[in-house]
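Participant: Quick one: the structure is below, and I'll ask about it shortly.
Values quoted throughout were computed directly from the atomic coordinates according to the rules given, and no laboratory measurement underlies them. What you are looking at is a predicted structure, and each value in this text was computed from that prediction instead of being measured. FYI the Cβ positions are ideal-geometry reconstructions off the backbone, even for glycines, and counts take in every protein chain you see.
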Amino acid sequence: MTDEADASLVFHARLQRDGTFQFATVPNGTYTLSTSNVKLEPDNGDEVAPVTGQPELASAFTDGSLGVIVKDADVPDLLLTLTELPVAQAPDTTKPALPTRRYATPH
């Protein structure tokens, strides 16, 4: 979240799986709440994921922004709607990977 009067005043927060977030000690003012590169990992609960050498796919979302006015109290119920983006399909890990070879280019 960036102060519209002073772009050097920036606050960061982590987005929780349920969509909530919190900024601590934000002074009164007008801000732009923005998101970028939002990705959520699959929720495996307490299940341990198998180690395959490949990261699990995540849900990815468009960037977004929203104007916010902060006064003397918390600002509840902010809603910034992001559109889910298609995520590339994972490689088939059931087939053995082909060896990678590097070739030198003649000078």
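Participant: Please check which bits of segment 1-43 a label hung off Ala60 would reach, taking the label as a point 7 Å along Cα-to-C-beta and the cut-off as backbone N under 18 Å.
Facilitator: 35-43
Participant: Between Leu15 and Asp72, what FRET efficiency follows from the Cβ-Cβ distance if R0 is 35 Å, with the result rounded to 0.05?
Facilitator: Values: r = 25 Å, r/R0 = 0.72.
E between Leu15 and Asp72, to the nearest 0.05, is 0.85.
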